[in-house]
1. Has region 381-394 got any residue that is in a loop (DSSP other than H, G, I, E, B), in contact with a strand residue (DSSP E or B) (Cβ under 6 Å, 6 or more places away or on another chain) and at negative phi?
2. Residue check: is residue 287 of a type in the set (D, E, K, R), modelled with pLDDT of 95 or more and touching a strand residue (DSSP E or B) at 6+ places or on another chain (Cβ under 8 Å)?
3. For region 359-377, which residues satisfy the criterion of being part of a helix (DSSP H, G or I) and under 24 Å from residue 404 (Cβ atoms)?
4. Restricting to region 12-65, and then to whatever is of a type in the set (S, T, N, Q), modelled with pLDDT under 95 and surrounded by 11 or more Cβ atoms within 10 Å (Cβ to Cβ), can you tell me which residue is farthest from residue 348 (Cα to Cα)?
5. Can you tell me which residue within region 350-371, out of those that are away from the ligand (no atom under 16 Å from the Cβ) and surrounded by 24 or more Cβ atoms within 10 Å (Cβ to Cβ), is farthest from residue 272 (Cα to Cα)?
6. From 337, 365, 350, which residue is touching an Asp or Glu at 6+ places or on another chain (Cβ under 9 Å), at pLDDT 95 or above and under 24 Å from residue 378 (Cα atoms)?
7. Output the helices (runs of 4 or more DSSP H) that fall wholly within region 138-225 and possess 3 or more residues being farther than 30 Å from residue 353 by Cα, or say none.
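The values are calculated or read from the model by the stated rules, or taken from the named source; none is laboratory data. It should be emphasised that the depicted structure is a prediction, and the values quoted were computed from it without experimental measurement. With ideal geometry, Cβ positions are generated from the backbone for all residues, glycine too; neighbour counts draw on all protein chains shown.
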Amino acid sequence: FCIFKIINDCIMIQKTLFSFIVLVFSYQLSAQKTTPTIKNEADVPSYKLPHLFTSKDGMEIDTSSEWERLRRPEIHSYFANQVYGVVPGQLDFHNVEVLDDEPAALGGKAIRKQVNLNFKKGNKSVSMSLLIYLPAGKKKSPVFLAYNFKGNHSVSPDSAILINGKKESELSGEELKKFNVSGRGGRTSRWAIDKMIDAGYGLVTIDYNNVDPDKNDFSDGIHAIFYKTGQTAPAKNEWGSLSAWAWGMSRILDFLETEVLVDHKKVILFGHSRLGKTALWAGANDRRFSIVISNNSGCGGAALSRRRFGEKVSDINTNYPHWFAKNFHNFNENETALEVDQHMLIALIAPRPVYVASASQDSWADPKGEFLAAKEASPIYRLYGKKGIVMEKLPPVNTPFHGSVGYHLRKGKHDVTDFDWEQYIKFADQHFQSN
Ligand code: GCU
């Protein structure tokens, strides 16, 4: 019995030792994926940004037409293949279901529409449930088009807002939980709908999970609709989730072009955080969007990757492996190998107005890196005779600058506030009035 016990103890010790070694090894592996976060300006490495004005084969760009013909396409193609991922095909919405059409919402000042945009291919389908508010009594309105994080019902306490396209009474217990019905109106503070309507703008919004659920799983959402037989994940240069969400914004615009009450030449893309990254990429892809607004978009959005301040490429690809194309993971801890940096993403939007907004306590998103990217993109705006950022340094808090490139550093945390919306409305007014 004694010998048995000794052998047994030895096996136990061996097992424990083995799990300990595995643990240490995997910790080291994961630690290698990313390095400590830079929180002080003094620790930012020195870097050289890739040239906006020199093409791959060394041609110097002097005019907006050379930019459009030579340099812009190569930068766009690099972002598509190496960063966000290429959309592998084309698919138009199959039909539109009108679920709600209320002429006197929000105390009578708005029209509320709710529609499902349905996409279908083979036996797969995706449905996008849109919530639309438009100023009552206007023939055509410019609109802000924006994804929301927590469902349409989170953006306002309006009890008629459907939950993922359905009435509360039609939802199963599981769905009530999944879509967090109790979160109705929970994000009202981020959506200044009254301000928009009072200023003559509409809002079109949709839960971004409708297009592609935000998880590291490529078996659902819009990706799966495009797979060839036997395919289970996008190819290395194909779309991650950000690119899929950007694609969704263009498909919503296809629909808005058919909506008589919307001025489809005045659709303003807005996005916060990961959805700000999405808005910038969507605006770079689709020139039908007239203005693009990035709110606190940070790494992979408006912030320069080479600064490595706050969130880095390796952090984002480790924590959100599904957001970018697989090819982008080659640049973890290796930003200098990128042939682009994020100022070039902003430049792709030129000459259309673009607004980059940061928040003073949002160091994870690197406010200074966001400002510098907007500033570094500005020479391309100047090529078109448009006003870019003129300040050399990050401006003080709550001091907005509105050229064709707009920027502000709001006091406070990572969020969307009334202050932000007041600036976006002013910015849009200024550009729509001058055109
Ligand atoms: C995380 C992520 C950011 C992203 C943000 C968000 O903080 O690291 O890159 O912008 O989530 O979308 O809320």
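1. Taking every residue of region 381-394 in turn, at least one turns out to be in a loop (DSSP other than H, G, I, E, B), in contact with a strand residue (DSSP E or B) (Cβ under 6 Å, 6 or more places away or on another chain) and at negative phi.
2. So residue 287 does not fit the description; no.
3. 365, 367, 368, 369, 370, 371, 372, 373, 374, 375, 376, 377 - these are the residues of region 359-377 that are part of a helix (DSSP H, G or I) and under 24 Å from residue 404 (Cβ atoms).
4. The extreme case among them is 32.
5. Step by step, filter region 350-371, then rank; the result is 350.
6. The conditions single out 365.
7. 173-178, 221-225
Conditions tested, residue by residue: (1) part of a loop (DSSP other than H, G, I, E, B); (2) polar (S, T, N, Q); (3) free of Cβ contacts under 8 Å to residues at least 60 places away in the same chain; (4) on the phi < 0 side of the Ramachandran plot.
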{"position": "397", "(1), (2), (3), (4)": "yes, no, yes, yes"}
{"position": "409", "(1), (2), (3), (4)": "no, no, yes, yes"}
{"position": "413", "(1), (2), (3), (4)": "yes, no, yes, yes"}
{"position": "421", "(1), (2), (3), (4)": "no, no, no, yes"}
{"position": "428", "(1), (2), (3), (4)": "no, no, no, yes"}
{"position": "432", "(1), (2), (3), (4)": "no, no, no, yes"}
